[in-house]
Structure formats: structure tokens, C-alpha cells
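The values are calculated or read from the model by the stated rules, or taken from the named source; none is laboratory data. Since this is a predicted model, take the numbers as computed values, not measurements. Glycine gets a Cβ as well: all are built from the backbone with ideal geometry, and neighbour counts include every protein chain shown.
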Amino acid sequence: MPDIQDQDLITLLAQARVIAVVGLSPKPDRASFRVAEYMQQAGYRIIPVRPMGEEILGETCYPSLEEIPAGIKVDIVDLFRRAEETPPLAEEAVRIGARCLWLQSGIINEESMETARQGGLLAVQDRCLMVEHRRLASQLPGRS
């Protein structure tokens, strides 16, 4: 498994604008909400992907990645799902033309990583997007 380098993450975070968060909870005490809110405050647009829900963090929820309107270019697909649920989501991320598939801390699925890589996506697993952004923020041009 190729290990992701900091420079790859810096480039991704500097260029990304839209993050689809699969499994985003509307509950502020949940990790998915805290990560999404942090990334939104850092200047990224958050697209909630949740079968049930109308709006989270001021953004419309979509039931699946493929139901996000074509006019919204998703850069990062951030997954808050059980590891065994991620392979079809990796396939969806490839189909919608995302740049990165990101499995949050504690989520490891080599099949999903391989699907993402084969589809030309940057593949990250078992890392928290918020933690990595905070760690690398000083190296991001024009971001804080």
C-alpha cells in the first residue's frame, strides 16, 4: 500500500473546494458534524450525503454521491461509514470524478483504497481530515 505523503495532502487541501461528507450527522456532538463544521469554517463547501435529512450546516443533503447535481464538482469524498460499507462508495466516488477518497480515523478497507487508486483518485484511510488539515494548515497557500 503506497503511503500518502504530506506533499500530496498539502496539494489536495490547497486545491480542493468541495467536500462531500458521507454519513454526516446533524448532531453537533458527532465526529462527522465536528469535522464537517471545522472544514466549512476553514473555507471548504460541505455537501452532506445522508439518505434522510434536508439540510445540515446550511447545505442541502443528498441521498447518495451520484445524486449530487453535476454542476457541483466534488473534490474530496469523506466517509464516515463502517469499513465494510465503503467499497460501493469508493466506486461512486470514482464515477462522480472526485479527486480523493478519504476514510476517516479507524476506517480501513484495502478494497476501497484499490478501487479509488485504480480510478485515479488519491486514496487516504484511517486519518481524520480535520486533524490532517490542522497539522498542515501553515503549509497551505491562502488557507488557514
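Computed values, structure above
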item: Breaking point among (1) surrounded by 14 or more Cβ atoms within 10 Å (Cβ to Cβ); (2) touching an Asp or Glu at 6+ places or on another chain (Cβ under 8 Å); (3) closer than 23 Å to Gly120 by Cβ, for Gln15; result: (1)
item: Ala36 vs. criteria closer than 24 Å to Gln139 by Cα, touching a strand residue (DSSP E or B) at 6+ places or on another chain (Cβ under 7 Å), at pLDDT 95 or above and not in a helix (DSSP H, G or I); result: no
item: Matching residues in the range 46-64 - criterion: being surrounded by fewer than 19 Cβ atoms within 10 Å (Cβ to Cβ) and not hydrophobic (A, V, I, L, M, F, W, C); result: Pro51, Gly53, Glu54, Glu55, Gly58, Glu59, Thr60, Pro63, Ser64
item: Residue check for Lys27: in a loop (DSSP other than H, G, I, E, B), over 21 Å from Arg117 (Cβ atoms) and not aromatic (Phe, Trp, Tyr); result: yes
item: Where Ile47 falls short, out of the listed (1) within 28 Å of Pro28 (Cβ to Cβ); (2) assigned to a helix (DSSP H, G or I); (3) of a type in the set (Val, Ile, Thr); result: (2)
item: Test: residue in the range 43-61 that is farther than 24 Å from Leu140 by Cα and among the small types (Gly, Ala, Ser); result: yes
item: Helices (runs of 4 or more DSSP H) (entirely within the range 54-144) containing at least 3 residues that are in contact (Cβ under 8 Å) with a residue 12 or more places away in the chain and under 14 Å from Leu9 (Cα atoms); result: 129-136
item: Of all residues in the range 65-99 being within 18 Å of Leu129 (Cα to Cα) and of a type in the set (D, E, K, R), the one that is surrounded by the most Cβ atoms within 10 Å (Cβ to Cβ); result: Asp78
item: Residues that are among the small types (Gly, Ala, Ser) and either under 21 Å from Ser138 (Cβ atoms) or not in a loop (DSSP other than H, G, I, E, B) (or both), drawn from the range 1-24; result: Ala14, Ala16, Ala20
